[in-house]
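Read through the structure below, which is laid out as C-alpha cells, and then see the notes.
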Protein chains: 2
Amino acid sequence: MVTIADVARHAGVSPSTVSYVLNGSHQISETTRGRVLRSVAELGFHPNAGARTLAGRRSRIIALVMPLRTDMYVPVMMEIAISVTTEARRHGYDVLLVTDEEGPEGVRRVAASGLADGVILMDVELGDPRIPALRARGTQAVLIGLPDDPHQLSCVDHDFTAAGALCADHLADLGHRDVGFIGYGSGVYKRHAGYAERTLAGFRERAEQRRVRFLHRPCEGTYESTAWTLTRILADRPGTTGFVVQNEAAIGPLLGLLKAAGRSVPEDTSVVALCPEQLAEQHTPALTTVSGPGQELGRVAVGQMIRRLTAAQRGEPPTDERVLLQPTLTVRQSTNGQPSPPKEPS
Amino acid sequence: MVTIADVARHAGVSPSTVSYVLNGSHQISETTRGRVLRSVAELGFHPNAGARTLAGRRSRIIALVMPLRTDMYVPVMMEIAISVTTEARRHGYDVLLVTDEEGPEGVRRVAASGLADGVILMDVELGDPRIPALRARGTQAVLIGLPDDPHQLSCVDHDFTAAGALCADHLADLGHRDVGFIGYGSGVYKRHAGYAERTLAGFRERAEQRRVRFLHRPCEGTYESTAWTLTRILADRPGTTGFVVQNEAAIGPLLGLLKAAGRSVPEDTSVVALCPEQLAEQHTPALTTVSGPGQELGRVAVGQMIRRLTAAQRGEPPTDERVLLQPTLTVRQSTNGQPSPPKEPS
DNA sequence: TGGCAGCGTCGATGCGCTTCGACAAACTCA
DNA sequence: TGAGTTTGTCGAAGCGCATCGACGCTGCCA
C-alpha cells in the first residue's frame, strides 16, 4: 500500500505538503505542486479513505435511501439513483445505497457513525418516519418528495400538480368534455403518497376551471382491474372521450381494451399518459405524455446536498431550498382534436 | 459525538473491553458484556466508521458497479441492486454504488483507497476492461455475468443456455416445427453480450436436437423494428407458428402485430418470452415465460463475496466459485399445444 | 498450601491522514 | 537597513478505534 509518507519521500517534501496539494487547502508553489502531483501519479497513490474520513471528519459519502416498495415505476428510481451517483462523483462524493428495510434506524446508523456526510431520501411521504430521525440528529438531508413540514430541509420533486393541470388543459384544448382518470391502486392513495394526490388535485382543479367533467377511479394496473375500471367509467359516463392514465401499468391493458371495445385511439378516444418518455414510444399508438425530467431530479438533489455540506462546513446555516421541476407535455399519437361522439347514447 | 471512551467510562471498563464486546473478537464475561451493551444502548453509541476502517483495515463496504447502458431491462438491475444491498446488510456490510462512468479507474479508486473491501461487477462482458484492473490489484471481486477467463474470480449468472433450451423444448413439446426467434438489437450481439449469445446458443442447440427449424432475427424493440422483423420472418418462413422473444421491449409490439395480422395467440401462434415474471402478467394474453431468479443473483453474489472476504482475512486462498442459476418455464396463456396450420400455403 | 493454568481485563501503540501553529525565507516600506 | 509582512514548508498532535502483549485473578491439582 502506498501512503502519503511514501509520496512525500518520493517528492522530497513533507507529508503535510502532499496533503495540502491534494486537498487544495493551502497555498503551495507551482513547482512543489507539480513535483508532488508527479510523484502521486508515478506511485499510483490513492489516499486511504478511512484515514481521510477520520482525520478530516467527513467521509465524502452521501447516503441514498431507496424505498423497497415497488408500486412506483422502477426505472424512474433507477434513473434517479444513477443520476445521483454520477452527479455526486462530479463533486468528489461517492454514494452509499441504503434500503428502507432497516427503517429509520438505518438512516440513524449511517449518519451517526459518520459513514455518510448527508442523506438523500427518495420517495418521501407525508408523515415519513425517517424525517424526525434526521431532524433530531441535525443530519444534512435532502428529500426527493415533499414532507409535511419542509422547515430546515431541502426538498426537490416533480411538480405533480402542474402535471395534472397539463393533462386537463390538453384534453380541454382538444374539446373533450368527459374524461376518465385512471389512477393508482387504492393502497397508494391510502398511504397518502404525495405524488398521486397532488397529480389528481392539479388535474381536478384545472378540469373544473376548464369545465371538463371527469371520473377518477383507482386501478391496480393488472388487466382485470383495468377492464373493471374502464367498464365502470364507461357505464357511469358513456360520453367519455378522453382518458388520463396515472398508473403506467394500466396503459397497455387500457389500449387493448379500448381497441376491443371498438374505440380507436386517437380517432374516437384520446389517451394522455403520466409516464416517462421512454415508455411512450413502446406503445401503439405512441402516447401523448406528461412527464417530468427524471435525471434532473437526481442532479438537483445532489446540488442541494453539496450546498448544504459546504455551508455546514463553514458554520453557515443550512439553506432550505424547495424546488419543483416542471413537467412537459409531449403530444404524440394518442390524442386527437376531434373526438367523435360516442356511439351509444348517453 | 459519543465515543468508545464515553461508553467505557459509563460502563466502568476500559475502551478495549468495549471494543471486544462490540466485535466479539475476545472472550468477555457475561456480566461485563451486559453492562457494556446497556451503556451502548443508553448512550446511543455508533462506532465511528472512519476510525473502524482505519484501525481494522477493512471498511465493511462492498462496491456495486452498475452499467450505464440501458439496453438491459432496467428493473432487473434494480432488483439485483436491492437484493445485494439487503443481503449485504444481513452480513454487516454496506453497499457503495459505483457507475461505470469512470470506467476501470473508478473500480481502481474504490479498491485502492480502501473505500470498499470488495467489488461486485454487474453486467460483465467478454473482454471486460474492468477485470484486468481488479486482477492486477488482487482486489476481491465477484462478477455477475461470465468473463472470458473466470480463473481466480467468483462469478454468478443466470444459466442463459438452459433458458434458451427451455424455450426450444417447450415449443417442440407443443408441436411447433417452425419458430421465429426475435432477438436484441444487433448492437447487443456486436458487443458480444454473453447473455444474448448464450441464450441463442442454448436455443439453437436444443432446437436442432428437437428438429425445430428456426430463424433468428435481431430486433431493436421499437414498434417499427418489430414490425419489420416479423414481416421478414413470416416472409421467409410463412409456416412459423411459434415465437421466442428475447427483447422484452418487442413483446408488446409483437402481440399487437400478430393480432393485426389476424393471428390469435395462443390459438394460431405461440409466444414464449424471455423476461421477468413481473412483465408476464402485464400483457394480454399473459405470457408464457422463461425467467431466472433475479433476487437470487444478488444474494448469491453477496454470499460469494462474504466467503472471499473472510477467507482473505484468514489468509486462506480465495474460493473461485462459479454458479449458474437455473431458469424456470412458467406456462401461461400465450402458448398452446395445437397450433393451427397457417392460413397461407408454405 | 504452593504452583500453574487459563480467563478476563487493561494500557499502550499505531492505522494514514488533516490541520494547527511554528518558522525560515523572501519581500515590503519607511 | 531594520522592522514588519507575506509566502511556502514543516513537525507534531490528534481523529476514534482495533489489537497485541502484559497482568492480576480465580480455581484446579499435586
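The values are calculated or read from the model by the stated rules, or taken from the named source; none is laboratory data. All of these numbers come straight from a predicted model, not from anything done at the bench. Neighbour counts are summed over all protein chains in view; Cβ atoms, including those assigned to glycine, are modelled from backbone coordinates with ideal geometry.
Couple of notes before you dig in:
- Among the residues of the stretch A:15-26, those that are near DNA strand C (Cβ under 8 Å from one of its atoms) and not in a helix (DSSP H, G or I) comprise A:SER25, A:HIS26.
- Selection from the stretch B:281-293 of residues that are at pLDDT 85 or above and farther than 18 Å from B:GLY164 by Cβ: B:PRO285, B:ALA286
- Cβ pairs under 9 Å, 6+ apart, first in the stretch A:204-226 and under 15 Å from A:ASP236 (Cα atoms), second basic (Lys, Arg): A:ARG213/A:ARG177; A:ARG213/A:ARG237; A:PHE214/A:ARG204; A:PHE214/A:ARG237; A:LEU215/A:ARG232; A:LEU215/A:ARG237; A:HIS216/A:ARG204; A:ARG217/A:ARG232
- Only one of the listed residues (B:LEU134, B:LEU54, B:LEU97, B:LEU121) is within 16 Å of DNA strand C (Cβ to nearest atom) and outside the structural domain of B:GLY187 (by TED's automatic domain parsing). That residue is B:LEU54.
- Selected residue (criterion: nearest to DNA strand D (Cβ to nearest atom)) from residues of the stretch A:105-130 that are over 18 Å from the mean Cα position of the chain (by Cα) and touching a residue at least 60 places away in the same chain (Cβ under 8 Å): A:GLY114
- Once the stretch A:222-253 is narrowed to residues that are more than 19 Å from A:PRO285 (Cβ to Cβ) and within 9 Å of another protein chain (Cβ to nearest Cβ), the residue that is nearest to the chain's Cα centre (by Cα) is A:THR222.
Here is a yes/no grid of residues against (1) closer than 21 Å to B:ALA51 by Cβ; (2) more than 7 Å from chain B (Cβ to nearest Cβ); (3) touching a Lys or Arg at 6+ places or on another chain (Cβ under 8 Å):
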residue: A:LEU37; (1), (2), (3): no, yes, no
residue: A:ALA41; (1), (2), (3): no, yes, no
residue: A:PHE45; (1), (2), (3): no, yes, no
residue: A:ASN48; (1), (2), (3): yes, no, no
residue: A:ARG52; (1), (2), (3): yes, yes, yes
residue: A:ARG57; (1), (2), (3): yes, yes, no
residue: A:VAL76; (1), (2), (3): no, yes, no
residue: A:ILE80; (1), (2), (3): no, yes, no
residue: A:GLU87; (1), (2), (3): no, yes, yes
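- Within the set B:VAL84, B:VAL76, the sole residue that is in contact with a Gly (Cβ under 7 Å, 6 or more places away or on another chain), assigned to a helix (DSSP H, G or I) and at pLDDT below 90 turns out to be B:VAL76.
Each row is one residue, and each column tells you yes or no for (1) within 14 Å of chain A (Cβ to nearest Cβ); (2) surrounded by fewer than 17 Cβ atoms within 10 Å (Cβ to Cβ); (3) not in a loop (DSSP other than H, G, I, E, B).
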position	(1), (2), (3)
B:LEU200	no, no, yes
B:LEU255	yes, no, yes
B:VAL290	no, no, yes
B:GLU316	no, yes, no
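- Residues in the stretch A:7-57 that are closer than 27 Å to B:ALA116 by Cβ and either surrounded by fewer than 17 Cβ atoms within 10 Å (Cβ to Cβ) or among the hydrophobic types (A, V, I, L, M, F, W, C) (or both): 23 in all.
- Only one of the numbered conditions (1) more than 8 Å from chain B (Cβ to nearest Cβ); (2) at pLDDT below 95; (3) under 14 Å from the mean Cα position of the chain (by Cα) is not met by A:ARG69, and that is (3).
- Selection of the stretch A:292-306 for residues being outside any loop (DSSP other than H, G, I, E, B) and buried (at least 16 other Cβ atoms within 10 Å of the Cβ) yields A:GLY294, A:GLU296, A:LEU297, A:GLY298, A:ARG299, A:VAL300, A:ALA301, A:VAL302, A:GLY303, A:GLN304, A:MET305, A:ILE306.
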